[in-house]
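J.: I'd like to ask some things about the structure below.
The values are calculated or read from the model by the stated rules, or taken from the named source; none is laboratory data. Bear in mind that the values here come from a model prediction, so they are computed numbers and not experimental data. Cβ coordinates were reconstructed from backbone atoms using ideal geometry, including for glycine residues, and neighbour counts include every protein chain displayed.
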Amino acid sequence: MNNDYSPEVNAWLDKIRGSLQSRISSYEQLVPSEKSKYPDTRSYLIWTVEKQKKYGYPGPVARDVDHLWDEARPKVRKEIGGKAEAALVAAEILRDEFGIDIVELVLRHSQPCYGLQDQLDEIDWDTEEELGYKKIAKLIKDKKLDRGSALQIYWEFAPEYYTQYASEKDIEDSHKKKAFKLIKAIEKRLLNNDFATNLISYRPSPENAESENPKWRIPDELKAANL
């Protein structure tokens with residue numbers, strides 16, 4: 001966590017610490033029958049999916065931060081950046097000072113790229129091919145797509161197979177022609193590093209070698225993990 005904040009911000013962060021301590025204490029003070037519902041303090045600080053959808057927060061920490069944010073002075077708001085950044089700072093304090101890690105959960109609620117990753121993980125690639133890769137094409141164009149998600153899309157297409165073709169014009173099959181076009185589109189974004197975030201880890205594991213006489217080469221930088 002950044003420790004170079006101004007005195008005003010540090011004073012506000014002390015309020016966050018007090019709120020975190022209060023939440024932890026409330027768990028410790030639960031009667032046994034209620035406390036037994038939660039394996040540990042972290043579980044107590046994470047709401048069920050239904051409750052997250054109902055209130056729009058991953059748990060009570062983010063909601064407390066939201067309320068404290070409304071009371072924050074303009075200087076504090078300007079220095080931290082926004083509610084999402086404030087929630088992340090609170091999660092980092094909870095992790096670093098109290099040993100309870102909910103950082104990824106908070107990120108999933110504050111960074112739209114995680115929602116896109118969830119969409120990607122739900123895709124059935126066989127069905128997607130039959131439908132002309134419409135969902136994938138939409139993801140590739142989305143500015144909120146994370147670099148790790150883009151790398152996953154690239155390798156899901158098995159680009160090594162397509163190195164036998166110089167261009168989409170050399171491909172007769174319509175599905176393969178579309179796949180080649182999308183491979184080149186996502187490759188361009190990856191090589192230009194055209195992404196707002198690089199938070200989602202992906203490690204390529206090519207299953208096949210490139211074609212015997214490849215018409216193009218897969219860039220080495222796309223063969224390595226992004227994080």
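J.: All but one of (1) touching a helix residue (DSSP H, G or I) at 6+ places or on another chain (Cβ under 9 Å); (2) surrounded by fewer than 18 Cβ atoms within 10 Å (Cβ to Cβ); (3) over 15 Å from K15 (Cα atoms) hold for Y44; which doesn't?
T.: Here Y44 clears every test but (2).
J.: Pick from D126, D96, D118, D101: which is among the acidic types (D, E) and in a loop (DSSP other than H, G, I, E, B)? Please lay out each step first, then the result.
T.: Numbers: D126 fails: in a loop (DSSP other than H, G, I, E, B); D96 fails: in a loop (DSSP other than H, G, I, E, B); D118 fails: in a loop (DSSP other than H, G, I, E, B).
Criteria check complete, one pass: D101.
J.: Before we move on, is A179 over 13 Å from S149 (Cα atoms) and not polar (S, T, N, Q)?
T.: Working: over 13 Å from S149 (Cα atoms): yes; not polar (S, T, N, Q): yes.
Against the criterion (over 13 Å from S149 (Cα atoms) and not polar (S, T, N, Q)), A179 qualifies.
J.: Considering only residues that are of a type in the set (A, V, I, L, M, F, W, C), modelled with pLDDT of 90 or more and more than 25 Å from E168 (Cα to Cα), look in region 179-227 and name the one that is surrounded by the most Cβ atoms within 10 Å (Cβ to Cβ).
T.: Filtering region 179-227 for residues that are of a type in the set (A, V, I, L, M, F, W, C), modelled with pLDDT of 90 or more and more than 25 Å from E168 (Cα to Cα), the one surrounded by the most Cβ atoms within 10 Å (Cβ to Cβ) comes out as F195.
J.: Only one residue in L182, L190, L227 is within 26 Å of the chain's Cα centre (by Cα) and farther than 27 Å from S110 by Cα. Which one?
T.: L182
So that you can scan it fast, the table gives a plain yes or no per residue for (1) aromatic (F, W, Y); (2) outside any helix (DSSP H, G or I); (3) at pLDDT below 85; (4) not assigned by TED's automatic domain parsing to the domain that holds A91:
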position: M1; (1), (2), (3), (4): no, yes, yes, yes
position: D14; (1), (2), (3), (4): no, no, no, no
position: S22; (1), (2), (3), (4): no, no, no, no
position: I46; (1), (2), (3), (4): no, yes, no, no
position: E50; (1), (2), (3), (4): no, no, yes, no
position: K53; (1), (2), (3), (4): no, no, yes, no
position: V65; (1), (2), (3), (4): no, no, no, no
position: K75; (1), (2), (3), (4): no, no, no, no
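J.: Looking at (1) within 14 Å of E156 (Cβ to Cβ); (2) touching a Phe, Trp or Tyr at 6+ places or on another chain (Cβ under 7 Å), which one does Y202 not meet, given that it meets all the others?
T.: Y202 satisfies every listed condition except (2).
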